[in-house]
Amino acid sequence: MSVALLVFPDFMLVALGWALRHKLGFSREFFAGTERLVYFVLFPALLFQSIIRTPITAGNAAMLLQATAAVVGSGVALSWLAGLVLRPSSLGLASSAQCGYRFNTYIGLALSASLGGTQGQTIMALIVGFAVPMANLAAVYGLARHSGGSLLRELARNPLLVSTLLGLACNLAGLHLPGPVDTVLARLGAAAIALGIICVGASLSWEGGKGYGALIAWMLSVKLVALPAVAWLVAGLLCLPPLETRMLLLFAALPTASAAYVLAMRMGGDGRMVAVLISLGTLFSALTIPLWLLLAG
């Protein structure tokens, strides 16, 4: 019950975002501007500071990298397996597959702080930093047949990837932030969590997805059921410490990122179906995340 209570406030922020957008008249443009601020300024500051402020050894980082790669790789494989089992259209599969392994960073870092404090948030920041290039690479590659976009350019200009690599490099080099700079980044990071989750709620949509019922059910099952089970197994095989196990399980159980909709629209995919997948995944994860964390003790 205590886990559910820790998760509840962040999902209340999701509900607030939905109410602001759909019931209280806040415009789509308002939230689009807010999300750009979070994505390009506030969240990179949070990731950078979270990683640099806690000592990390190369061995610990390598172990988390292995675990993260195993979880993301399993998600990619299980998502594309739907093509062999369900035989959907190539466009539908390319659009929806990313929803089986992409993750909502905003919710992940908020919950990691509630469940594991500063150290838990640092571990989650590392996992997210390792997973961003893997997930983006798979998602962009899957939709590349419908667009002429450059994969390397997509990765190089990703602010979450850049801030993570910079934070990891500074941490391993033993560098420390001056007091005023650390304070500024802390305040930017604090704003990132609440605004990011509110934007998640504002982006929820229930229109679309007709004819894709089986495909939507498959991707939801992969993201909310199969991947947490894989994370639990991987953590046991690698003998991860309890807190790292908990953060890896939380990462695997996160709903799909709203950026999946943006990518699908930008690269010629079925954005409306992806929006429904994101919305359903976010809704159901309010139940599945506490259940997985309770099962893991």
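If the Cβ limit is 6 Å and pairs must be 6+ apart or interchain, which residue in the stretch 62-77 that is free of Cβ contacts under 8 Å to residues at least 24 places away in the same chain pairs with which residue that is surrounded by fewer than 24 Cβ atoms within 10 Å (Cβ to Cβ) and of a type in the set (Phe, Trp, Tyr)? Partner pairs satisfying both residue conditions: none exist.
Restricting attention to the stretch 4-36, the residues that are in a helix (DSSP H, G or I), surrounded by fewer than 16 Cβ atoms within 10 Å (Cβ to Cβ) and in contact with a Lys or Arg (Cβ under 9 Å, 6 or more places away or on another chain) total 2.
Residues that are of a type in the set (Val, Ile, Thr), touching a Lys or Arg at 6+ places or on another chain (Cβ under 8 Å) and either in a loop (DSSP other than H, G, I, E, B) or touching a residue at least 40 places away in the same chain (Cβ under 8 Å) (or both) are absent from the stretch 78-95. Filtering SER258, SER221 for residues that are among the polar types (S, T, N, Q), farther than 19 Å from LEU78 by Cβ and under 17 Å from the mean Cα position of the chain (by Cα) leaves a single hit, SER258. Evaluating PHE103 against the criteria (1) in a loop (DSSP other than H, G, I, E, B); (2) surrounded by fewer than 21 Cβ atoms within 10 Å (Cβ to Cβ) leaves one unmet condition, (2).
Has the stretch 76-89 got any residue that is within 25 Å of LEU172 (Cα to Cα) and within 20 Å of the chain's Cα centre (by Cα)? Even if it seems obvious, please write down each step before you answer.
Of all residues in the stretch 76-89, those within 25 Å of LEU172 (Cα to Cα) come to none.
Within the stretch 76-89, none of the residues are within 25 Å of LEU172 (Cα to Cα) and within 20 Å of the chain's Cα centre (by Cα).
Exactly one residue out of ALA186, ALA275 is over 23 Å from LEU84 (Cβ atoms) and over 18 Å from the mean Cα position of the chain (by Cα): that is ALA186.
Please verify whether SER114 is out of contact with any Lys or Arg (no Cβ under 9 Å at 6 or more places or on another chain) and either part of a helix (DSSP H, G or I) or not basic (Lys, Arg) (or both), treating the condition exactly as stated.
Against the criterion (out of contact with any Lys or Arg (no Cβ under 9 Å at 6 or more places or on another chain) and either part of a helix (DSSP H, G or I) or not basic (Lys, Arg) (or both)), SER114 qualifies.
Note on the stretch 149-185: residues that are surrounded by fewer than 17 Cβ atoms within 10 Å (Cβ to Cβ), at pLDDT below 85 and not in a helix (DSSP H, G or I) total 8.
The values are calculated or read from the model by the stated rules, or taken from the named source; none is laboratory data. Because the structure is a prediction, the values reported are computed rather than measured. Note that we place each Cβ from the backbone using ideal geometry, even for glycine, and neighbour counts take in every protein chain shown.
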